[in-house]
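Following: one structure in structure tokens, then a few remarks.
The values are calculated or read from the model by the stated rules, or taken from the named source; none is laboratory data. For clarity, every value in this text was computed on a predicted model and none was experimentally measured. Because the Cβ atoms are built from the backbone with ideal geometry, glycine has one as well, and the counts that use them run over all protein chains shown.
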Amino acid sequence: MKTMAFGRLASLISIALAATQITNAALTKRVTCASGHVTANAACCKLFPIVDQIQKDLFDGGECGEEAHSALRLSFHDAIGFSIHGGKGNGADGSILIFNKTELAFHANGGIDDITSRQFPVFQETGLTAGDFVHLAAAIGTANCPGAPRLQFMFGRPPPVAPAPDLTVPEPTDSVTAILARFADAGFSPQEAVALLSSHTIAAADVVDPTIPGTPFDSTVGTFDTQVFLEVLLKGKLFPGNGSQPGEVLSPLAGEMRLQSDFAISQDSRTACFWQEMINNQNFMMSQFKAAMAKLQVLGQRNLIDCSDVVPVPKTLTAPIKFPASFSQADVQQACKALPFPKIATVAGPAPTVAPV
Ligand code: HEM
Ligand SMILES: *[C@@H]1O[C@H](CO)[C@@H](O)[C@H](O)[C@H]1NC(C)=O
Ligand SMILES: *[C@@H]1O[C@H](CO)[C@@H](O)[C@H](O)[C@H]1NC(C)=O
């Protein structure tokens, strides 16, 4: 009796399992490429060797280095040339690569020439359109940074037809009101703007203070963690280079740069709680950043194919973040009054000097 009942239950379970498998198969039709890779759409197969080529020729074999950081910044500067009201460029179209003479002359694109000139020959090798190239490179470069979400990649942008106009890219000297207005004009809420600023966890400045190129915005520039959201709140005490520069405010650590815009956004009542919520909240930050990037990287584009499974899977981070050595809760300039501040331990030892990248 017992055996029979168990047998019936087991077969009911296997019928139920088979039914879910059929449903899953119907929802996601999988294709096996000649290369052996599995993907959602046969049109994505040609991207697998291109991903390998970009890793080799642009990212030094898959590193979260300067090219990876700059590829992410480039995708922002390309895509944000867009307005939901029209009249401001075609968004995530690769225009910054093709119309580089025009777009690189804009003040906000200072330092971008390094990555466009580095990308140009690799872009030509791949045969992709400039838009697909810029936004695939950003997804791959970001994936090379431990802790990053695996970004979506949508495929099939047409070649760009015109440069974006000037004054679409926010500057660190802009007010929070101006920055939020620019993001809103491109279709992003204040919360999405903060989510996109997670990118500054893998960022460094070359041109804000040209005497100290490669000066990071946080003490863990090689990992996609939430450290930047914490460090921007620490009491500032120094300028890392040749004194105060436009767009720069006091930083808490030698060798670290703080952007005026990041600090202002961390303190503004419209954004302070979104900013604070990111701190030591790795999974939340990853999902918010991923969603905002998915929106950014298709601005102005239509009829794209989801080729997200060509994007490499990033390494995960599990350890909680820490205050840099010598810092504690007493150094936090907490601007969000509505939420308790997360409990965070401190790295042992004397205050670090952040090394340039
Ligand atoms: C309020 C909006 C923003 C402002 C004012 C801003 C400003 C800046 C500035 C001044 C730099 C340093 C440039 C240099 O001196 O070399 C920088 C670097 C960077 N930004 Fe932003 N940014 C903003 C939003 C974003 C967004 C939305 C992204 C990406 C989604 C992004 C990604 C990066 C990255 C990855 C770097 C580092 C590039 C590298 O290390 O080569 N930024 N940003
Ligand atoms: C600009 O584009 C040209 C091709 O039109 C390319 O040869 C050059 O390397 C690019 N320069 C920069 C700085 O991006
Ligand atoms: C440092 O800053 C001073 C004044 O702000 C400026 O005159 C000088 O040229 C700067 N030095 C360098 C090496 O850029």
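Considering (1) in contact with a Cys (Cβ under 8 Å, 6 or more places away or on another chain); (2) not assigned by TED's automatic domain parsing to the domain that holds ALA92, the lone condition that THR32 does not fulfil carries the number (1). So which residues in the range 289-303 are away from ligand 1 (no atom under 16 Å from the Cβ) and surrounded by fewer than 18 Cβ atoms within 10 Å (Cβ to Cβ)? ARG302, ASN303, listed by residue number.
Being surrounded by 21 or more Cβ atoms within 10 Å (Cβ to Cβ) and away from ligand 2 (no atom under 16 Å from the Cβ) holds for only one residue in GLN276, GLN260, GLN282, and it is GLN276.
Checked against the criterion of being in contact (Cβ under 8 Å) with a residue 12 or more places away in the chain, crowded, with 23+ Cβ neighbours inside 10 Å and either more than 20 Å from the chain's Cα centre (by Cα) or over 30 Å from PRO340 (Cα atoms) (or both), the candidates THR215, THR226, THR211 yield just one match: THR215. Picking from residues in the range 199-231 that are touching a Phe, Trp or Tyr at 6+ places or on another chain (Cβ under 6 Å) and either near ligand 1 (Cβ under 8 Å from one of its atoms) or not in a helix (DSSP H, G or I) (or both), the one that is farthest from SER261 (Cα to Cα) is ILE202. Looking at ALA130, ALA139, ALA164, ALA181, just one residue is touching a Phe, Trp or Tyr at 6+ places or on another chain (Cβ under 9 Å) and within 12 Å of ligand 1 (Cβ to nearest atom), and that residue is ALA139.
Checking each residue in the range 82-103 for being buried (at least 19 other Cβ atoms within 10 Å of the Cβ) and on the phi > 0 side of the Ramachandran plot picks out GLY89, GLY91, GLY94. Applying the condition of being assigned to a loop (DSSP other than H, G, I, E, B) and more than 14 Å from ligand 3 (Cβ to nearest atom) to the range 232-246 and asking which residue is farthest from THR201 (Cα to Cα) yields LYS237.
What is the residue count in the range 188-247 for residues that are within 16 Å of ligand 2 (Cβ to nearest atom) and β-branched (Val, Ile, Thr)? Give the steps one after another, and end with the answer.
Residues of the range 188-247 that are within 16 Å of ligand 2 (Cβ to nearest atom), as a first pass: 206-207.
Then drop every residue that is not β-branched (Val, Ile, Thr), which leaves 207.
The qualifying residues number 1.
Which of the residues that make up the range 112-159 are assigned to a loop (DSSP other than H, G, I, E, B), in contact with a Leu (Cβ under 8 Å, 6 or more places away or on another chain) and within 15 Å of ligand 2 (Cβ to nearest atom)? It would help to see each step written out before you state the result.
So in the range 112-159, the residues assigned to a loop (DSSP other than H, G, I, E, B) come out as 112, 127-129, 144-153, 156-159.
Retained after the next criterion (residues that are in contact with a Leu (Cβ under 8 Å, 6 or more places away or on another chain)): 112, 128, 146-147, 153, 156-157.
Once the filter is applied, which keeps residues that are assigned to a loop (DSSP other than H, G, I, E, B), in contact with a Leu (Cβ under 8 Å, 6 or more places away or on another chain) and within 15 Å of ligand 2 (Cβ to nearest atom), the range 112-159 yields only ILE112.
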